[in-house]
Amino acid sequence: MGASKSLIVLMGLLLTSCSPEGGDEDTDTGVGPPSAEFVCEIGLSDADGAYVSAVDNDPVELILGFQGFLFLEFMVRAEAGSPSPVLVRMSMEVDGEDPFDGSQPQVALSDQADGTRVSEVINLFLPNNDISLYKDNTARVVMRLEDSASGLTCTAERYVTLIDDDPCIHTGGEPICPEDDTGETL
């Protein structure tokens, strides 16, 4: 499916999940409970893996995976009582280029001391592995969390600045980093 068709499908999903207050629940298709919204926001993780709230234009590191894949890492914070696990549907548009999408199933959200719930790390894989296409650009990221059992959903959006400050290749374990001129790893 092309990127523009994927965006149309995503927008259709977004539009069909919104119903006016006091809407007629008899229009349910019988595929699950009527859709309802909960509140969530896109954030990042700190060096210790803890959730950090993000504001528009925060820098997000372009991460090079060991198989050459380029991806971004996000987290989501949701209100208390939100479902877990959820399907996360993602869409990203870089500086007005065609948007692309992805998804990550079975994303767990954990209860926090403040009563909210925070997701595990959510990976958004980029369609091209050429860092120069993304570095120093602004990207619009949209995430939609869906729970088919309850019909609950939330949608969050954030604009981020894509950076490449980490020269390492991430393997899932310890990153492999290039050597500088002294022969020592960075």
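The values are calculated or read from the model by the stated rules, or taken from the named source; none is laboratory data. Note that the structure is a prediction, hence the values are computed from the model and not measured. Cβ sites come from the backbone with ideal geometry, for glycine too, and all protein chains shown count toward neighbours.
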Mind checking which residues of region 64-93 are aromatic (Phe, Trp, Tyr), closer than 15 Å to ASN128 by Cα and in a strand (DSSP E or B)? PHE71
Which members of region 54-102 meet the condition of being farther than 30 Å from CYS177 by Cα, at pLDDT below 95 and in contact with a Gly (Cβ under 6 Å, 6 or more places away or on another chain)? ALA80
If the Cβ limit is 9 Å and pairs must be 6+ apart or interchain, which residue in region 113-139 that is over 18 Å from SER91 (Cα atoms) pairs with which residue that is aromatic (Phe, Trp, Tyr)? THR116/TYR51; VAL118/TYR51
Would you mention how many residues in region 53-84 are over 14 Å from the mean Cα position of the chain (by Cα) and either charged (D, E, K, R) or surrounded by fewer than 16 Cβ atoms within 10 Å (Cβ to Cβ) (or both)? 13
In region 85-99, what count of residues is obtained for those that are among the acidic types (Asp, Glu) and within 15 Å of the chain's Cα centre (by Cα)? 1
Cβ-Cβ distance below 6 Å, separation of 6 or more or different chains: which pairs start in region 54-78 with a residue that is more than 16 Å from VAL142 (Cβ to Cβ) and among the β-branched types (Val, Ile, Thr) and end on one that is surrounded by fewer than 20 Cβ atoms within 10 Å (Cβ to Cβ) and modelled with pLDDT under 90? ILE63/HIS170
Enumeration of residues in region 94-142 that are touching a Phe, Trp or Tyr at 6+ places or on another chain (Cβ under 8 Å), of a type in the set (Val, Ile, Thr) and not in a strand (DSSP E or B): VAL121
Just give me the residues in region 34-52 being crowded, with 16+ Cβ neighbours inside 10 Å, under 17 Å from GLU146 (Cα atoms) and of a type outside the set (Ser, Thr, Tyr), in sequence order. PHE38, CYS40, GLU41, ILE42
Out of curiosity, is THR153 among the hydroxyl-bearing types (Ser, Thr, Tyr), modelled with pLDDT of 95 or more and surrounded by fewer than 20 Cβ atoms within 10 Å (Cβ to Cβ)? no
